[in-house]
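Structure first, then comments.
The values are calculated or read from the model by the stated rules, or taken from the named source; none is laboratory data. Bear in mind that the values here come from a model prediction, so they are computed numbers and not experimental data. Positions of Cβ are generated from backbone atoms using ideal geometry, with glycine treated the same way; all protein chains shown enter the neighbour counts.
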Amino acid sequence: MNCPHGGMVNGIPSFPKVLLGGQVALTAADQWMVAGCAFTVPPGKPQPCIKVVWLGPATKVLLGGKPAVLALSSGLCQSPEQAPQGPPLVASSQVKVTGL
C-alpha cells in the first residue's frame, strides 16, 4: 500500500493471532504509518502523509473485537496537521478467507 504521493504505508498489528496468507491480519484500529512521502504545498512547505485512518471499516468482521480492513473499506492519508491527503493506493489484498 502506498500514499497518493508514493510513500510506503505500513500497518502495525495489534492482534497477531490471526493470519491471512501467512501474514498478520490488520484492523482499522491498528496504527497505519506512512514513510517516505515527499509531498509539499506552495511555497515549498513539507506536508507529507504520515498516517492512514480508516473511514469505513468492517461492521461484521472483527479481529480481537476490532473492525477488519476490507476491500470495500475507505481510507484517508493524513498529514501531521491531520489535513486529508487522499486515499491510500492498495497494490494487493487477500481476496478470500475461510473461518473455522
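Please list, ordered by first then second residue, the pairs with beta carbon atoms under 8 Å, 6 or more apart or interchain, first in the stretch 20-44 and free of Cβ contacts under 8 Å to residues at least 24 places away in the same chain, second charged (D, E, K, R) and part of a strand (DSSP E or B).
Matching pairs, first to second residue: GLN31/LYS51.
For the stretch 60-94: of the residues being in contact with a Leu (Cβ under 7 Å, 6 or more places away or on another chain), in a loop (DSSP other than H, G, I, E, B) and aliphatic (A, V, I, L, M), which is surrounded by the fewest Cβ atoms within 10 Å (Cβ to Cβ)?
VAL61
Out of the residues in the stretch 16-56 that are among the small types (Gly, Ala, Ser), closer than 18 Å to ASN2 by Cβ and assigned to a loop (DSSP other than H, G, I, E, B), which is modelled with the highest pLDDT?
GLY36
Please go through the stretch 1-31 and pick out each residue that is in contact with a Cys (Cβ under 9 Å, 6 or more places away or on another chain) and hydrophobic (A, V, I, L, M, F, W, C).
Within the stretch 1-31, CYS3, MET8, VAL9 meet the criteria.
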